[in-house]
C-alpha cells in the first residue's frame, strides 16, 4: 500500500501522492522553500527546494515532485547545496540590498535562507530597473523591486480569494506581479484582504505602517488615546514573540498596551456583542417582515457584515447583494462610534481629542476606518488601525519583555464582553454567537447545542451549512414556530463566491449567511503573524474556543455593559440612535469603477 | 461593440483568448490593444483584468501602446545576427529616426526587435506587417522604406 | 485530374522565393505559355518549397524532374522556347545536375521515396499544396483509408513503435511509445496536437512542410487521432507563419469537403475534427506543456511534469503532442511499413532528418538526409562548403544547441553519438560560422534571445539568462570580470540542473559547449582589473590565525 523510499539513507514508507517535501518533513528533514504554500497548486518556480533523485539527470523540486516506489533522495549533498547556493545568489543579485531598512528585516524568508546557506558573497550582478513603490491603498504597500516572483500572492489572490487582482505581467526578466494593466493597486479592484501580504516571503507586500502615527498620538498630551483589540489578536500576538501558535496572551497583551501608554485598553469584543444584539434583531425583523408582512422589499438571506474584505468584495463584484447584507457596521466601527459619543460624553472628553486605535488581524480594516461614511460620531470614528504584526513591533520598540508581562484585565466599560464575542475571531463564530442570542430571544431557552457550540459550522471546511428548527417560541415570535432556520458559513472569498453564485442561481436557499474574507476567519487575517498555515489556524481557533468556554457570560445579550449602554444611551436595538450610529449602507462600486476605468 | 462581436464569434471561450486578442489588435487602426478594450473584454468574458493583461503581455505580438501603420520587426536571433542584423536595425533606426519600440511621428512606422521569423535562409531578414524581406542591406532598407512612403504619399 | 497537359512546371512559392519574385515568374510563365500556344500542353503549378533556398526562384519540370534556379522574368520566354519548343534542358539555369543527384538514395527506392530519397519532403515542391487532388494523386490519404479499414489502433501503434521513429522536435522521444501512453489512458475526450510553434532560431523545416505539403500533416493527425482514440486535433501554429496558416486553412477546408475530416471518415465510425490555433509570439510555447497553457488561452508557461500530457494534457485530458516533422513521417511509415523506414538512418534513430543549413556556406537551405551523416558531409557535400574563409564553429539544433568546434565535424549527427559527448541533436538547425564570428559576440546574441524569450516563471532561468547575457556582453566588449567564465559555468550548470522546463535547461548547452571548446578565446574578454561582486567586505590579507 505505502511506498517505500529512502531520504538521505533513512528508509520510510509514505502514502501515494506524498511529495518529497512532505516525506522529508516526516523524518525531520527540512527542505528550504520560497514559493511553496501548503494546500495550493504550487508553481514549483523558486527552485530552492531542489533535491537529488537517484536516476534523474536534473535535480527535482521537492515541493511538487511526488515520490515513487523505491525512490532514493538526497536532500543535502554537495550537488544540491551548490545548486541552492547559486539559486540564492541569483535571487539576491536581482533583489535590493536594503535588508536593514526593510519591513521584513529578520522575518524575511530569503534573508533567512541566505544566512542558513552561508552566502557571503554574491558574484552576480544584474542591472535592475527601478520600479515605483505602490502606496495607493490604505491597507497595503507593495515594493515590486523586492519581489522575487514566487507567486504566492498570485496563488492566494486568484485561487483562494478568487479576486484575481494580482497576476504576473510581461515575461522573462521583465515579469512583474501587478494589479492588471495598471501599476497601482488603488487603480484596480482590490478588496484589501491582505492575504498577499500574509504570504509574501520577502518585503514586497506589507501592510501600510501606521505605528508612527500611533506613537505620535500616544505622545500628544492633548489626546486621549484608547485602544480596542480584535478577538483574533489574543490568540496570535504571542507568535510575534516566538510563543507557539494558539497561545492565549490576552492578559499580557492588555498589560503591554497599558505600558505603551494607551489611556484605556478596551475590547473590540464589546463591539462584537453589540453587533450580535443589533444583527440578531435585524435578522428577526427581516424574518418577520418577510414571513408575516410579506414585504417584498426585504431581502433574504441576510449576510453578515463584519468582514471589510467581504464588504469590499460584495460592493465590487456583487453590488446586487447590497440589500442582503446586514446594515450593521462591523464591531470595530460600532466600537468607534460608541466610544466617541457615549464614552466620550461619559468621561467628558471632546470627541476631537479622542483617538481610537484598533488592533486588528486585518489590512482591510485600515481601509474600512477610512471609508468616508464612517464618521457618525461627527469625526472619524476609528482613527488608526494597526495589524497584529505592527503591534508586535511597537511592543518590541517599547522594550517590553512581552513573554514575562503580568496578566491584566481590560478596562470598563468598553472592555467588558462575553464569550460570544471571542468567537468572532474564527469562521463559524459570528453565526454561533448570533444563534446563541437569536434562539434565546425567540424561545427564552438556551441554544440546544452542547457547550453552545454549533458544531456543523465549525472547522476549516470551506462552506458549511446548518439547520435549526425553532420550537416552543415565546408569544411574540409565534410566526417562527416550527420554522427551520437555514444558515451557511463561508470563509475565504473563493468560498464566498461559491455560496453567492449558488444563491444567485437559485440552487440554494438560506436565511442567514456568515462570510469572512480570510481563510479560517479573522484568526487567519492578512495582518496576522506570518506564516498562517492550516495547522496554525487550527491552533488559534482552539485557543479562541478555550477562551469562550472559560467565560461566565457566553451570550452577547448578557453583557452587562451592553445593557447599560442600551439603558443609558441607545434605547433599544434597531432604535433611532443605533440606526444613526451603528448601521450603515453600501455602494455599487462595480459599475462606478467600470466607468472610471474606461475613462483612464 | 466590435469586441463583443469578436468574442461572440469565438463563443466566449477562454481557449480562444489569443485569437480574440489577435482580432482586437488587428481591427484597431493603431495596431494595439487598448485599455478600454481589455476592460470590455474582461467584463464580457468574465476574466479578471489582471489575467487578461497577464496573458496578453506574455506574448510579444501584442502591444499595449499605439503603433504605426507599418510594424517593422527586425529579427535579432543568432542566424540573422551573424549575417549582420545589427547593421540592419541601425540602418532602419537611422532612416526613421526612432529607437526600439518607438513609432515615427507621422504614425507610419513602428520599429521592433523580434525573435527568429523562420526565414533564416534569407538572413538578415525583417517582417513589415505580414510581408517578409530578406537578403537585406542598408541600401535595400532605404529602398523599402522609400517605397512604402511613396505608396502612402499617393 | 482531367487536364490534358503533358508537362508541368512547378513554381516553388514559399516565404523565401516570394522575395525573389516567384509570383511574378509564375504569372509570366502562364502568359508566355499562352502566347506561345502551349497552355494546353504545359501546366503551371504553384507548390511549396522545392528545396534549394538562396537560389532565387526555383522551378521544377515534370516529367523529367530537373530543377532550375535563379530564373528571372526576362528569361522566361527563352526558357519556354528551349525547354518546351526545342525540347532540351535550359542549361543556363539548370540546377538539377548539382543538387538532386546528391540527394538521391537510389538503393532504397520505393514508391514513396523516388523523389530524392525524401520521406518528409517528398511532395514538397512536387504538388500544388493548395489542391487536395494533387495530394491524393501522389497517394495522399491512402494511409488513412488503409488504417481505418485494415488496422486497429494497437496495430498502428506497434507499426510506429517498430519503425523506431523518434520525435523530431528536439527531445527525440520514441514516437510510438508516446502514442501508446495516450492510447493507454481511457478518459475521453482525448486530443491530438500538432506542435507547429517552430520558434527555435534557424529552424524553419516545419514551415516548409506546412507550406509545401499541408495535407500530409492533416492525414498524419487523423491517423494519430484514430490510433490514440482522439476525435479532436489542434494545430498550434506560430503567429508569424502567415503562409503556412493560409495553406493549412485551405487544406483543412478541402479535407473536410472531401470527407477526410469530419464524421465517419472512409465510411468508418471514426470521427476527427481539426482546428488551427495561432500563437502570438513566444518561444517557450514550443515546449509541450507551455503549448498546452497557451492553447487553453493562458500565459505560455510550462507546467509541471509529471503528470505528462499523455495523462493530463489539454483541459486535463489525455493528449498526444507531436512535432510537424514527426507527423510528416507517419503516412509513409504506414504505407511502406516499419522495416522500410528502418532502412534509413541509424539503428538507434531510423529515418531521415530535415536540416536547415545556414550561415557562412555556399548553399544555405533545407535538406532531408538520412540520420547519422556528419556535419562535414552536410557542409561540404550538400551545402557547397564554406562561403568565405575557414570553418570556425557550428551551432547545431538551434540557439539552445551546442556550439561545436572543427574537431567534431566528423561526429555522426544522431542522438546517441552526440549524447556521449554531452550534446543534443536538437531541432535540425545547423548554423555554420566562419572565422569572422567571435564566440563572445555570438553567445551574446544567443543569450539575448533567451532573455527575450524566457518565460520568467522559474528563478534560475529568469535571472540566470539575464546574467549570462550581461556577462557575454561584457566579454564581447573585453570588459569581462575576472571570474566571468567561472560564474558563467556555475550559472549554466545550475540552469541545466534546476531549470523548470527543458527549454530553460537547454540554455546551458551553448554556454557550456562554448566554454568547453572556446575557453581560450572567451578568456580574452576578461579584464583582470574588473571585479563583479556586489558590495561585500573585501577579505583582508593581513590577518593571522592561530591554528
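The values are calculated or read from the model by the stated rules, or taken from the named source; none is laboratory data. Here the structure is a predicted model, which is why all the values come from computation and not from measurement. So basically every Cβ, Gly included, is an ideal-geometry build from the backbone, and we count neighbours across all protein chains shown.
Conditions first: (1) away from chain B (no Cβ under 14 Å); (2) crowded, with 23+ Cβ neighbours inside 10 Å; (3) farther than 30 Å from residue A:66 by Cα; (4) in contact with a helix residue (DSSP H, G or I) (Cβ under 6 Å, 6 or more places away or on another chain). Residue C:268 passes all but one, so which condition is the exception?
(2) is the only condition that residue C:268 fails.
Given the criteria in a helix (DSSP H, G or I) and surrounded by 24 or more Cβ atoms within 10 Å (Cβ to Cβ), does residue C:333 qualify?
yes
Of A:73, A:119, which residue is in a strand (DSSP E or B) and either farther than 22 Å from residue A:21 by Cα or away from chain C (no Cβ under 13 Å) (or both)?
A:73
What number goes with the only condition from (1) more than 9 Å from chain B (Cβ to nearest Cβ); (2) more than 30 Å from residue C:389 (Cβ to Cβ) that residue C:283 does not pass?
Only one criterion in (1) more than 9 Å from chain B (Cβ to nearest Cβ); (2) more than 30 Å from residue C:389 (Cβ to Cβ) is unmet by residue C:283, namely (1).
Let's see how each residue does on (1) buried (at least 24 other Cβ atoms within 10 Å of the Cβ); (2) at pLDDT 95 or above; (3) part of a helix (DSSP H, G or I); (4) assigned by TED's automatic domain parsing to the domain that holds residue C:159:
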{"position": "C:178", "(1), (2), (3), (4)": "yes, yes, yes, yes"}
{"position": "C:183", "(1), (2), (3), (4)": "no, yes, yes, yes"}
{"position": "C:194", "(1), (2), (3), (4)": "yes, yes, no, yes"}
{"position": "C:198", "(1), (2), (3), (4)": "yes, no, no, yes"}
{"position": "C:202", "(1), (2), (3), (4)": "yes, no, no, yes"}
{"position": "C:207", "(1), (2), (3), (4)": "yes, no, yes, yes"}
{"position": "C:215", "(1), (2), (3), (4)": "yes, yes, yes, yes"}
{"position": "C:218", "(1), (2), (3), (4)": "yes, yes, yes, yes"}
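Residue-by-condition table, conditions (1) in contact (Cβ under 8 Å) with a residue 24 or more places away in the chain; (2) not assigned by TED's automatic domain parsing to the domain that holds residue B:104:
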position	(1), (2)
B:24	no, yes
B:27	yes, yes
B:36	no, yes
B:50	no, yes
B:53	no, yes
B:78	no, no
B:83	yes, no
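From the list C:187, C:168, which residue is in contact (Cβ under 8 Å) with a residue 12 or more places away in the chain, buried (at least 24 other Cβ atoms within 10 Å of the Cβ), away from chain B (no Cβ under 14 Å) and assigned to a loop (DSSP other than H, G, I, E, B)?
Exactly one of C:187, C:168 is in contact (Cβ under 8 Å) with a residue 12 or more places away in the chain, buried (at least 24 other Cβ atoms within 10 Å of the Cβ), away from chain B (no Cβ under 14 Å) and assigned to a loop (DSSP other than H, G, I, E, B), namely C:168.
For (1) buried (at least 22 other Cβ atoms within 10 Å of the Cβ); (2) within 14 Å of chain B (Cβ to nearest Cβ), each residue gets a yes or a no:
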position	(1), (2)
A:159	no, yes
A:169	yes, yes
A:178	yes, yes
A:198	yes, no
A:205	yes, no
A:216	no, no
A:220	no, no
A:230	yes, no
A:243	no, no
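Among the residues of the stretch C:433-461, which ones are part of a helix (DSSP H, G or I) and within 7 Å of another protein chain (Cβ to nearest Cβ)?
Answer for the stretch C:433-461, where residues must be part of a helix (DSSP H, G or I) and within 7 Å of another protein chain (Cβ to nearest Cβ): C:442, C:445, C:446, C:448, C:449, C:451, C:452, C:453, C:459, C:460.
Counting only residues that are surrounded by fewer than 24 Cβ atoms within 10 Å (Cβ to Cβ) and more than 28 Å from residue A:35 (Cα to Cα), which one in the stretch C:485-512 is nearest to the chain's Cα centre (by Cα)?
C:512
What about residue C:430, is it touching a strand residue (DSSP E or B) at 6+ places or on another chain (Cβ under 6 Å) and either surrounded by 24 or more Cβ atoms within 10 Å (Cβ to Cβ) or in a strand (DSSP E or B) (or both)?
Judged against the criteria, residue C:430 is a match.
Tell me which of these residue B:14 doesn't satisfy, since it passes every other one: (1) facing another protein chain (nearest Cβ under 8 Å); (2) surrounded by 21 or more Cβ atoms within 10 Å (Cβ to Cβ); (3) out of contact with any strand residue (DSSP E or B) (no Cβ under 6 Å at 6 or more places or on another chain); (4) in contact (Cβ under 8 Å) with a residue 24 or more places away in the chain.
So the condition that residue B:14 fails would be (2).
May I ask you to list the residues in the stretch A:432-453 that are crowded, with 24+ Cβ neighbours inside 10 Å and under 24 Å from the mean Cα position of the chain (by Cα)?
Result: A:432, A:433, A:434, A:435, A:436.
In the stretch B:24-48, which residues are buried (at least 18 other Cβ atoms within 10 Å of the Cβ), more than 12 Å from chain A (Cβ to nearest Cβ) and in a helix (DSSP H, G or I)?
B:24, B:25, B:45
Scan the stretch C:113-132 and tell me whether some residue there is modelled with pLDDT under 85 and not in a loop (DSSP other than H, G, I, E, B).
There is at least one residue in the stretch C:113-132 that is modelled with pLDDT under 85 and not in a loop (DSSP other than H, G, I, E, B).
Could you tell me how many of the residues in the stretch C:232-248 are over 24 Å from residue B:115 (Cβ atoms) and surrounded by fewer than 20 Cβ atoms within 10 Å (Cβ to Cβ)?
1
Residue under question is residue A:424, and the condition is that it be over 27 Å from residue A:286 (Cα atoms), under 19 Å from the mean Cα position of the chain (by Cα) and part of a helix (DSSP H, G or I); does it hold?
Here the answer is no, as residue A:424 does not meet what is asked.
Of the residues that sit in the stretch C:484-511 and are facing chain A (nearest Cβ under 10 Å) and touching a strand residue (DSSP E or B) at 6+ places or on another chain (Cβ under 7 Å), which one is modelled with the highest pLDDT?
C:498
Output the residues belonging to the stretch A:145-157 that are within 14 Å of chain B (Cβ to nearest Cβ) and either surrounded by fewer than 21 Cβ atoms within 10 Å (Cβ to Cβ) or in a helix (DSSP H, G or I) (or both).
Answer for the stretch A:145-157, where residues must be within 14 Å of chain B (Cβ to nearest Cβ) and either surrounded by fewer than 21 Cβ atoms within 10 Å (Cβ to Cβ) or in a helix (DSSP H, G or I) (or both): A:153, A:154, A:155, A:156, A:157.
What's the total number of residues in the stretch C:474-503 that are in a helix (DSSP H, G or I) and farther than 15 Å from residue C:426 by Cβ?
Residues meeting the conditions: 17.
Take residue A:66 and tell me if it is in contact (Cβ under 8 Å) with a residue 40 or more places away in the chain and away from every other protein chain (no Cβ under 13 Å).
No: the conditions fail for residue A:66.
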